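Here the structure is laid out as structure tokens; the discussion comes afterwards.
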Amino acid sequence: MADEDLRTGADGRTTRSAEKPTTSSLVLRPFGYLLIGSVWLMIWIFALGVPAGSVIYLVLDEDIVNGLGERFANPIEAIAVVVLLVPLMALIMGPGAIWHLPTAAWPPMVLSYLYAVRSLRPSYAGEKLSFSSWSARGSTFGPPTAGDVSMSLQPVRRSGLTDLVMRFYVSGWDLEGRMFLAMLPAGFAWSAAVVAFFPGLPDPVHLVFRVVTALLLLSSAVLGFLAFRARFYGDRGQS
């Protein structure tokens, strides 16, 4: 097997990827990549709507508002909610819904649309555009799987754009401790946002929690940027 027939995936494994595509695949692959990209686009839009949509739902649903109001009227139940539920939601919403869910969706979307464009260019007609590699079960974001996880849509021919998108691809799918911690303030911001817009509270309380929400989101943005740079540009930053 020639060296040029091998590609190293995001997981570090080597995969045969550069066999010449068939005539039928050349005709169909623009439509295939457009379809795949559109599916990922829908997933991404849904992912973006989860954090904000859940806050809106909680503060507009009268049954939930009344139920939470009754819970917080009891000091013991209020303390239990703050001590138990708020940290749990920070873990779920911050690293999960705010970072990993959308970041796992938009890189495959961008790559799919990029391949759709490349598939129309004669300079790419003699080669495959993407390939898949495999990551060990439990090492990636997403539901439990019975076996290894396919990391698809990786570029056969790299460019500056694909390298950048693949860094986000890896960060979205591959769990990493520093980014996980960086997103925890954003998770607490989700709970603060619920209070910031919860009906019936005094205006000063709304204002304070809106400021807290903004500061927590800003903290995660800064910490996330530092975590991303340390992970993918650490050696460059030390040189």
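The values are calculated or read from the model by the stated rules, or taken from the named source; none is laboratory data. These numbers come from a predicted model, not from an experiment. Quick reminder, even Gly has a Cβ in these numbers, built from the backbone with ideal geometry, and neighbours come from all protein chains shown. Quick note on the areas: whole protein, heavy atoms, side chains included, nothing else; ligands and nucleic acids left out. Shrake-Rupley method; radii C 1.70, N 1.55, O 1.52, S 1.80 Å.
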Among the residues of segment 183-239, which ones are surrounded by fewer than 20 Cβ atoms within 10 Å (Cβ to Cβ), at pLDDT 95 or above and closer than 15 Å to V59 by Cβ? R210
For the structure I just gave you, tell me whether F180 is farther than 17 Å from A52 by Cβ, part of a helix (DSSP H, G or I) and of a type in the set (F, W, Y). yes
Tell me, which helices (runs of 4 or more DSSP H) lie completely within segment 22-104 with 3 or more residues that are under 30 Å from G177 (Cβ atoms)? 23-60, 86-91
How do the pairs read when you match residues in segment 126-139 that are over 17 Å from L111 (Cβ atoms) and modelled with pLDDT of 55 or more with residues anywhere that are open to solvent by 40 Å² or more (accessible area, probe 1.4 Å) and not hydroxyl-bearing (S, T, Y), using Cβ under 9 Å and keeping only pairs 6 or more apart or on different chains? G126/K20; W134/D11; W134/R13; W134/D148
Of the numbered conditions (1) out of contact with any Phe, Trp or Tyr (no Cβ under 8 Å at 6 or more places or on another chain); (2) farther than 16 Å from A193 by Cβ; (3) not acidic (D, E), P95 fails exactly one; give the number of that condition. (1)
Checking W173 against (1) within 29 Å of R118 (Cα to Cα); (2) at pLDDT 95 or above: exactly one of these is not met. Which one? (2)
I'd like to check something: does segment 68-83 contain any residue that is under 28 Å from the mean Cα position of the chain (by Cα), of a type in the set (G, A, S) and modelled with pLDDT under 75? no
For segment 104-124: of the residues being of a type in the set (S, T, N, Q) and surrounded by 21 or more Cβ atoms within 10 Å (Cβ to Cβ), which is modelled with the highest pLDDT? S112
